[in-house]
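Participant: Could you have a look at this structure, given as structure tokens, before my questions?
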Amino acid sequence: MSRLELLVDRDGPLTRAAVLTDGRLTDLHIDHAGRPSLLGAIILGRVERIATGLNGAFVDLGNGLSGLLPAADVRRPILDDDSPQSRPHRPGAKQAPIGALLRTGQPVLVQVKADAAGAKGPSLTMDITLPGRFLVHAPLGRDIAVSKRLGSGPERATLARRIEQLATGAGWIVRAGAAQVSDALLAAESEALHLQWRAIRDDARAGSAPRLLHPGPDAPTRALIEQGAAAPAAILVDDPPPTDGIRIGDGPLLSSLCDWCGHHAPDLLPRLAGHTDAQRLFDLHDLDSAIAGLLDVRVPLPLGGSLVIERTEALTVVDVNAGERGNPLDVNLDAAAEIARQLRLRNVGGIVVVDFVNMRSRGDAERVLAALSQAVESDPVQTQVYGMSKLGLVELTRTRRGTPLAVLLRP
């Protein structure tokens, strides 16, 4: 069984959370103090302009920033009570015009579902969600939805019934890892998320717009949430050293993570500790070199060959090179696993085109497609693999979320 570790440190303006699987970097979350992310933030905004042509509204988020709220993401009522919202817009159903849903100057409770990218501002929704390791609370929803990763068997219905009995309030999305944990952990997380929502709702009712009500999860918290039931065996936190050069184990990073675990993940508290060694935590594991390598265009494959990853404004292109290896199928199978890893670590979003090494048969191509699909299954960000063209090109899409690593680490 693989051993997971979460290593957290602060390096200048960066707060970094690295997940190691058997000593190898498999997930990376970074916050940049100078380039803060709003992903997941819940904001009491104010409608500043109705964009009829886009069938959406531009919402003032404060601090000179505005985001687009599409008509399909508008829900009513917004702040009046705890009653369920209107059902989400169904594909193919007639969408009401934005002018019939919102008016200029109206306060709206929104959540950022995608950070600003280039000239585009943040993308907004009124489908508020609060993520946990096993459950996602959708407090304005009606139902209990179970992850599709659990298949279509009776386990889904059994899990839904468990949550219906254990969870507080309505509106829950059940993650696949929930099937592996105790009723006590599920009940505790549902209660914590429900209390979090009540505090946000009460704050929204008490003040004026625009105003930040709840920030999105920080890098260490995102790492824990996305690991779900695959809890790290150890969580080590390296706080910046004080002026005398002695490393401490109880600084603000550790304190913040202890507080979050105390409310949301009490089972992780015994695994959480401060790093007190004289050598930096990331140096001990050579993670600075590994992170720097994620900015390289060329990525060597473990058994020979390489990937060339180039990002453009419209899409990301990955070229698979065989090098001196003779079997195209073996190279492509190795490449499929590494491509999935690189997309996660680099936080690549949007369209990705992969040029695999030409193969001898259609059966080999199908094996590579299956391997790539399996490799992206565990990605917490929705990733869809499409077919292979006659030229050996594979298209896939990965939902844009947060800032790409190359932009985040840009000088």
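The values are calculated or read from the model by the stated rules, or taken from the named source; none is laboratory data. Values in this document were obtained by computation on a predicted structure and should not be read as measured data. Every residue, glycine among them, receives a Cβ derived from its backbone with ideal geometry; neighbour counts consider all protein chains shown. Ligands, DNA and RNA are excluded from the accessible area calculation, which covers all protein heavy atoms including side chains. Shrake-Rupley method; radii C 1.70, N 1.55, O 1.52, S 1.80 Å.
Participant: Being in contact with a strand residue (DSSP E or B) (Cβ under 9 Å, 6 or more places away or on another chain), part of a loop (DSSP other than H, G, I, E, B) and either among the aromatic types (F, W, Y) or modelled with pLDDT of 90 or more (or both), is that true of even one residue in segment 246-265?
Facilitator: no
Participant: Applying the selection to segment 362-411, what residues are on the phi > 0 side of the Ramachandran plot and touching a Phe, Trp or Tyr at 6+ places or on another chain (Cβ under 8 Å)?
Facilitator: Scanning segment 362-411 gives a single hit, G392.
Participant: Moving to a separate point now. Take V318 and decide whether it is touching a Lys or Arg at 6+ places or on another chain (Cβ under 8 Å), modelled with pLDDT of 95 or more and either more than 23 Å from K148 (Cβ to Cβ) or crowded, with 19+ Cβ neighbours inside 10 Å (or both).
Facilitator: no
Participant: How about segment 366-387: which of its residues are open to solvent by 30 Å² or more (accessible area, probe 1.4 Å) and outside any helix (DSSP H, G or I)?
Facilitator: Correct list: E377, S378, P380, Q382, Q384, Y386, G387.
Participant: Also, quick follow-up: How many residues are in a loop (DSSP other than H, G, I, E, B) and either out of contact with any Gly (no Cβ under 8 Å at 6 or more places or on another chain) or under 11 Å from R400 (Cβ atoms) (or both) when one looks only at segment 344-362?
Facilitator: Narrowing segment 344-362 to residues in a loop (DSSP other than H, G, I, E, B): 347-349, 356-361.
Cutting the leftovers down to either out of contact with any Gly (no Cβ under 8 Å at 6 or more places or on another chain) or under 11 Å from R400 (Cβ atoms) (or both) gives us 347-349, 360-361.
Residues in segment 344-362 being in a loop (DSSP other than H, G, I, E, B) and either out of contact with any Gly (no Cβ under 8 Å at 6 or more places or on another chain) or under 11 Å from R400 (Cβ atoms) (or both): 5 in total.
Participant: Of all the residues that make up segment 266-288, how many are open to solvent by less than 50 Å² (accessible area, probe 1.4 Å), touching an Asp or Glu at 6+ places or on another chain (Cβ under 8 Å) and not in a strand (DSSP E or B)?
Facilitator: Adding up the residues that qualify gives 3.
So that you can scan it fast, the table gives a plain yes or no per residue for (1) over 29 Å from K113 (Cα atoms); (2) modelled with pLDDT of 95 or more; (3) basic (K, R):
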| position | (1), (2), (3) |
| --- | --- |
| N347 | no, no, no |
| G350 | no, no, no |
| V353 | no, yes, no |
| E366 | yes, no, no |
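Residues are listed down the side, and each one gets a yes or a no for (1) within 28 Å of L38 (Cα to Cα); (2) open to solvent by 20 Å² or more (accessible area, probe 1.4 Å); (3) modelled with pLDDT of 90 or more; (4) of a type in the set (S, T, Y):
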position: R103; (1), (2), (3), (4): yes, yes, yes, no
position: A116; (1), (2), (3), (4): yes, yes, no, no
position: A119; (1), (2), (3), (4): yes, yes, no, no
position: S123; (1), (2), (3), (4): yes, yes, yes, yes
position: L150; (1), (2), (3), (4): no, yes, no, no
position: E164; (1), (2), (3), (4): no, yes, no, no
